[in-house]
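A.B. asks: Dropping a structure here in structure tokens format, bear with me for questions.
The values are calculated or read from the model by the stated rules, or taken from the named source; none is laboratory data. Computed from a predicted structure; not experimentally measured. Quick reminder, even Gly has a Cβ in these numbers, built from the backbone with ideal geometry, and neighbours come from all protein chains shown. The area values use the complete protein model at the heavy-atom level, side chains included, leaving out ligands, DNA and RNA. Shrake-Rupley method; radii C 1.70, N 1.55, O 1.52, S 1.80 Å.
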Amino acid sequence: MKILDIFFKGISKENNDFETMLKTAKQGDAEAQYKVACAYDNGKGVSENKKEAFNWYLKAAEQGHIKAQCIVGYNYFFGENVEENKEEGFNWYLKAAKQGDADAQYIVGYALEFGTGVEKNLYKAREWYSKSAEQGSAEAKDKLKNMPETDDNDFEYDVNNNEKSDDNKEKGFDWYLNAAEQGDAEAQYKLAEFFMYGNGIEMDKKEAIKWYKKAAEQGNAEAQYALGNIYYCAKGVDIVDYEKAFNWYMKAAKQGNADAQNAIGWMYDEGHGVEIDCKEAFNWYLKAAENGNWTAQSKLSYYFKDEEYGRPYGVEKDEEESRKWSEKHFNTIKQAAEEGDAYAQFELGHVLCDEDYEEKKIWSKKAEESYKEKAEQGDTEAQNFLGDMYYGGKCVRKNEQEALKWYRKAAEGYKKAAAQDDARAKYMLGLMYENGVVVKKDNKEAMKWYIKAAEQGYCYSILAIKYEEGKIVGQNYKEAFKWYLKAAEQGDAYAYQKLAEMYYHGLGTDKDYEKSFKWCKKAAQREAVEKHVTLFENAQYYLGWMYYNGIGVEENYEEGLKWLRKAAEQGDYKAEEYLEKIGEEW
């Protein structure tokens, strides 16, 4: 049940005699006041008047009418018919909750869990969820599955920083372990999270994967999505496996997991594990956007706004549709930010940069505090992101000393993760050594970590570029060619272009015009599908030139002109010059 549905279940549709009811209400009868409010609210027996409805709900609520208290709480919480005041909204829900209303108890728990209208207090949140669950609330029962058992003394949270003590983390771990071993899928997923990120225990990615699989095989969508990420980035497995990643993402996506739906869209977009299919990608982005994924919502707003972006996806320019998704994108981020999502808070601060400077400062500060909380609890990605924030002055005042502090913590986290075959962690260590971030700049050490990451199927093209450019390692076209070939076999379109060049010039391999043509054609076809991609350097022009001159393929003027014109239409000056040279229009 959606949260909004909770507040309207009890709205009465009765309206036998509005005037009689109004007279009784004016005499102070709470039930009559509530019914008068419902009549004004729904326009039954009297003209609809939301403001008057609220006034009567408030009168009934002040006399202790539970349903009226819930509705007044809702109005204050969401700013309907009255100025938004979440603190006041919480107080009205609390009044109804104390009278035993299960829905109000759930909302009070929710507010305490996320610090909405009241200071965040997870311990008290659990108490109210428990009261609601005891009355049969399915939503409260689901919430309780995500929170370990407590007693009154040994599992209190510090409401100022919301951190658990180490003893309490162990209690939480033990609770999840016990439930997981009894086959509870949600507990298995939570247990996997403990092992994956080392929350209060020693990190163990192999053990994490074991429990993710147990939960995923029971249909837990979050675990299925997590496994997709694990195989996509080789986090604790031997090598990147796009096929397995796609399969796990798909299982979660079919259950409505918005993040997984967005991931499926991305894989169709990039050709990772499947053939490139922009229209299928769009279908999945649409599903994800409708289910609240703000990345997908942002994509849709661009596709409908810019015909160059939208054309490959079968989308026609539609400014109204673009505006709709842009608004949904903003509202989704704001809701996530209000619920405590650190990245959403950061994004909201960024989005508001040019619109409302004062509100930007508020959300930027919240983002800083949220990332610090996560970073202090040992979240390596949060530590690195916090370092980026301070180093670049993103949402916070630039502070290189503070940035280095968090980069050092992140480096330690990446080292631990790298020791457990986390390919992305190995890549991040390579970056740190290459750039001299909190570790002494060491190109040899950087290459060691880049190679380790690449050996797991991660960042093939990055390693190839290092060998091709020869900036941090001796230039070696043979090694560059080897890694570009691996990247191309993974569907990396940039690698298609580089292989075409290397076969044509004989760099790192024998000259082979036919193979050069083959890879050039793949790059040009991809470039034609994704017109907004800027990685390619004239792939369509070169393909047209090769067709026109019979290089690596049988001479074909018509096909050559077709590709040359495609390139020229996209502003490729080389194609324009060549068409002028051979006397052809475009």
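A.B. asks: Scan the stretch 174-193 residue by residue and report those that are aromatic (Phe, Trp, Tyr), modelled with pLDDT under 90 and open to solvent by 20 Å² or more (accessible area, probe 1.4 Å).
C.D. replies: If the condition is that a residue be aromatic (Phe, Trp, Tyr), modelled with pLDDT under 90 and open to solvent by 20 Å² or more (accessible area, probe 1.4 Å), then Trp175 is the only one that fits.
A.B. asks: Between Lys448, Lys440, which is out of contact with any helix residue (DSSP H, G or I) (no Cβ under 7 Å at 6 or more places or on another chain), of a type outside the set (A, V, I, L, M, F, W, C) and modelled with pLDDT of 95 or more?
C.D. replies: Lys448
A.B. asks: Within the stretch 199-223, can you find the residues that are at pLDDT below 90 and buried (at least 21 other Cβ atoms within 10 Å of the Cβ)?
C.D. replies: Met203
A.B. asks: Looking at the stretch 67-103, which of the residues that are assigned to a loop (DSSP other than H, G, I, E, B) and charged (D, E, K, R) is farthest from the chain's Cα centre (by Cα)?
C.D. replies: In the first step, residues of the stretch 67-103 are kept if they are assigned to a loop (DSSP other than H, G, I, E, B); the result is 79-85, 99-101.
When the remaining residues are screened for being charged (D, E, K, R), the result is 80, 83-84, 101.
Working: Glu80: 29, Glu83: 31, Glu84: 28, Asp101: 35 Å.
Residue satisfying both the conditions and the ranking: Asp101.
A.B. asks: Looking at the stretch 371-397 only, could you name the residues that are touching a Gly at 6+ places or on another chain (Cβ under 7 Å) and either at pLDDT 85 or above or surrounded by fewer than 20 Cβ atoms within 10 Å (Cβ to Cβ) (or both)?
C.D. replies: Listed by number, the residues that qualify are Gly378, Thr380, Gln383.
A.B. asks: Sort through Lys498, Lys486, Lys482 and tell me the only one that's under 20 Å from Tyr231 (Cβ atoms) and in contact (Cβ under 8 Å) with a residue 24 or more places away in the chain.
C.D. replies: That would be Lys486, the only listed residue that is under 20 Å from Tyr231 (Cβ atoms) and in contact (Cβ under 8 Å) with a residue 24 or more places away in the chain.
A.B. asks: Does any residue of the stretch 118-126 turn out to be open to solvent by less than 10 Å² (accessible area, probe 1.4 Å), modelled with pLDDT under 90 and under 27 Å from Lys145 (Cα atoms)?
C.D. replies: Taking the stretch 118-126 and keeping what is open to solvent by less than 10 Å² (accessible area, probe 1.4 Å), we get 125.
Within this subset, residues satisfying the condition of being modelled with pLDDT under 90 are 125.
Subsequent filtering for residues that are under 27 Å from Lys145 (Cα atoms) retains 125.
Yes, the stretch 118-126 contains at least one residue that is open to solvent by less than 10 Å² (accessible area, probe 1.4 Å), modelled with pLDDT under 90 and under 27 Å from Lys145 (Cα atoms).
A.B. asks: Residues that are farther than 26 Å from Ala253 by Cα: list the helices (runs of 4 or more DSSP H) wholly contained in the stretch 273-388 that include at least 1 such residues.
C.D. replies: Ranges flagged: 294-305, 307-310, 319-338, 342-351, 357-376.
A.B. asks: Let me ask another. Among Ala418, Ala425, which is open to solvent by less than 40 Å² (accessible area, probe 1.4 Å) and either of a type in the set (Phe, Trp, Tyr) or under 20 Å from the mean Cα position of the chain (by Cα) (or both)?
C.D. replies: Ala425
A.B. asks: Count, please, the residues in the stretch 65-76 that happen to be touching a Gly at 6+ places or on another chain (Cβ under 6 Å) and open to solvent by 20 Å² or more (accessible area, probe 1.4 Å).
C.D. replies: Counting residues in the stretch 65-76 that are touching a Gly at 6+ places or on another chain (Cβ under 6 Å) and open to solvent by 20 Å² or more (accessible area, probe 1.4 Å) gives 2.
A.B. asks: I'd like the full set of residues that are surrounded by fewer than 24 Cβ atoms within 10 Å (Cβ to Cβ) and over 16 Å from Phe78 (Cβ atoms), limited to the stretch 91-115.
C.D. replies: Leu94, Lys95, Lys98, Gln99, Gly100, Asp101, Ala102, Glu113, Gly115
A.B. asks: Give the number of residues within the stretch 502-545 that are modelled with pLDDT under 80, open to solvent by less than 60 Å² (accessible area, probe 1.4 Å) and among the hydrophobic types (A, V, I, L, M, F, W, C).
C.D. replies: Number satisfying all stated conditions: 4.
A.B. asks: Now for a separate question. Take the stretch 407-429 and flag every residue that is touching a helix residue (DSSP H, G or I) at 6+ places or on another chain (Cβ under 6 Å) and free of Cβ contacts under 8 Å to residues at least 24 places away in the same chain.
C.D. replies: Leu429 - this is the single residue of the stretch 407-429 that is touching a helix residue (DSSP H, G or I) at 6+ places or on another chain (Cβ under 6 Å) and free of Cβ contacts under 8 Å to residues at least 24 places away in the same chain.
A.B. asks: Moving on. Residues to consider are Gly470, Gly457; find the one that is over 22 Å from Lys235 (Cβ atoms) and not β-branched (Val, Ile, Thr).
C.D. replies: Of Gly470, Gly457, the one residue that is over 22 Å from Lys235 (Cβ atoms) and not β-branched (Val, Ile, Thr) is Gly470.
A.B. asks: Now for a different question. What are the residues in the stretch 555-586 that are in a loop (DSSP other than H, G, I, E, B) and touching a helix residue (DSSP H, G or I) at 6+ places or on another chain (Cβ under 9 Å), if any?
C.D. replies: Answer for the stretch 555-586, where residues must be in a loop (DSSP other than H, G, I, E, B) and touching a helix residue (DSSP H, G or I) at 6+ places or on another chain (Cβ under 9 Å): Glu555, Asn556, Gln570, Asp572, Ile582, Glu584, Glu585, Trp586.
A.B. asks: Give the residues of the stretch 431-443 that are part of a helix (DSSP H, G or I) and touching a residue at least 24 places away in the same chain (Cβ under 8 Å), sorted by residue number.
C.D. replies: Selection gives Met432, Glu434, Asn443.
A.B. asks: Same structure again: If you scan the stretch 15-64, which residues turn out to be of a type in the set (Asp, Glu), within 45 Å of the chain's Cα centre (by Cα) and open to solvent by 50 Å² or more (accessible area, probe 1.4 Å)?
C.D. replies: Scanning the stretch 15-64 gives Glu48, Glu52, Glu62.
A.B. asks: (1) surrounded by fewer than 24 Cβ atoms within 10 Å (Cβ to Cβ); (2) at negative phi: which one isn't true of Ala288, the others all being true?
C.D. replies: (1)
A.B. asks: Take the residues in the stretch 295-342 that are closer than 24 Å to Asp379 by Cβ and in contact with a Lys or Arg (Cβ under 8 Å, 6 or more places away or on another chain), then tell me which one is surrounded by the fewest Cβ atoms within 10 Å (Cβ to Cβ).
C.D. replies: Gly340
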